[in-house]
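K.L.:
Just passing along the structure, written as structure tokens.
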Amino acid sequence: DAKTTQPNSMESNEEEPVHLPCNHSTISGTDYIHWYRQLPSQGPEYVIHGLTSNVNNRMASLAIAEDRKSSTLILHRATLRDAAVYYCILRDLPSGTYKYIFGTGTRLKVLA
Amino acid sequence: EAGVVQSPRYKIIEKKQPVAFWCNPISGHNTLYWYLQNLGQGPELLIRYENEEAVDDSQLPKDRFSAERLKGVDSTLKIQPAELGDSAVYLCASSLSSTGLAGVGEQYFGPGTRLTVT
């Protein structure tokens, strides 16, 4: 199973951009890169996903390296509400179905 | 639109007692997942349903855990008997599908049930 590596924790000042890195050197050609975040006492929530090209949505941007061995989740202006654990996940593709394999994620602390 | 509903939110039981968790997925979602999340760890998949069929239960400890999805909608996860090591958060999630391009889309998670076994 392809795995991801993320820093255990990061800090950011409020209203500054945040770049959350993820390494996935064993990614296969059909693995999608997904990001979820988990606020305290809540279930994970979807943030963004991509395959090869960079992606933007209202929450964040996803920058994917050309060789796809790493990616970066970009929060353009961090707010206190963005303090959460961020998970970078590869959609495992055994037998044509999809399964998430979560790691331990990056705990983001936003400083006021 | 209502999200994934789980109950109870919290449960405290003594070891060797049975416990059950209930999940109501988002309407129209064919795929339902049960995850286990230990403190400081990411969620781990226990079982995945496609409609009423359990298509991936390889991580479910079948000696004490059981699950069912009645009529392909609501689902119940049961532990009998509970052990101290079962203390964790049990998360339910749903998605439109888990196969093909539709399976690439997001999973919607409920708030979870925090189980404490004493």
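K.L.:
Which count do you get for residues in the stretch A:1-37 that are assigned to a loop (DSSP other than H, G, I, E, B), away from chain B (no Cβ under 12 Å) and among the β-branched types (Val, Ile, Thr)?
P.N.:
2
K.L.:
Search the stretch A:56-68 for residues being assigned to a strand (DSSP E or B) and either out of contact with any Phe, Trp or Tyr (no Cβ under 7 Å at 6 or more places or on another chain) or at pLDDT below 95 (or both), and hand back the single one that is surrounded by the fewest Cβ atoms within 10 Å (Cβ to Cβ).
P.N.:
A:56
K.L.:
For the stretch A:69-80, indicate whether the set of residues that are in contact with a Phe, Trp or Tyr (Cβ under 6 Å, 6 or more places away or on another chain) and outside any strand (DSSP E or B) is non-empty.
P.N.:
no
K.L.:
Which of the residues belonging to the stretch B:10-34 are among the polar types (S, T, N, Q) and either assigned to a loop (DSSP other than H, G, I, E, B) or modelled with pLDDT of 95 or more (or both)?
P.N.:
Matches in the stretch B:10-34: B:17, B:24, B:27, B:30.
K.L.:
Those residues that are surrounded by fewer than 21 Cβ atoms within 10 Å (Cβ to Cβ) and in contact with a helix residue (DSSP H, G or I) (Cβ under 9 Å, 6 or more places away or on another chain), I need them from the stretch B:39-60; list them, please.
P.N.:
B:50, B:51, B:52, B:53
K.L.:
Still on this structure: Which of the numbered conditions does residue A:40 fail, given that it passes all the others? Conditions: (1) within 14 Å of another protein chain (Cβ to nearest Cβ); (2) not in a loop (DSSP other than H, G, I, E, B).
P.N.:
Result: residue A:40 fails condition (2) only.
K.L.:
Return only the number of the condition from (1) free of Cβ contacts under 8 Å to residues at least 12 places away in the same chain; (2) within 14 Å of another protein chain (Cβ to nearest Cβ) that residue A:66 does not satisfy.
P.N.:
(2)
K.L.:
While we're on this one: Go through (1) under 28 Å from residue A:88 (Cβ atoms); (2) within 14 Å of another protein chain (Cβ to nearest Cβ); (3) free of Cβ contacts under 8 Å to residues at least 60 places away in the same chain one by one and return the number of the condition residue B:53 breaks.
P.N.:
Condition not satisfied by residue B:53: (1).
K.L.:
Kindly provide the set of residues from the stretch A:82-104 that are closer than 22 Å to residue A:56 by Cβ and either at pLDDT below 95 or within 14 Å of chain B (Cβ to nearest Cβ) (or both), ordered by number.
P.N.:
Correct list: A:84, A:86, A:87, A:88, A:89, A:90, A:91.
The values are calculated or read from the model by the stated rules, or taken from the named source; none is laboratory data. Bear in mind the structure is a predicted one, so any value in this text is a computation, not a measurement. Here the Cβ is made from the backbone with ideal geometry for all residues, glycine too, and neighbour counts use every protein chain on show.
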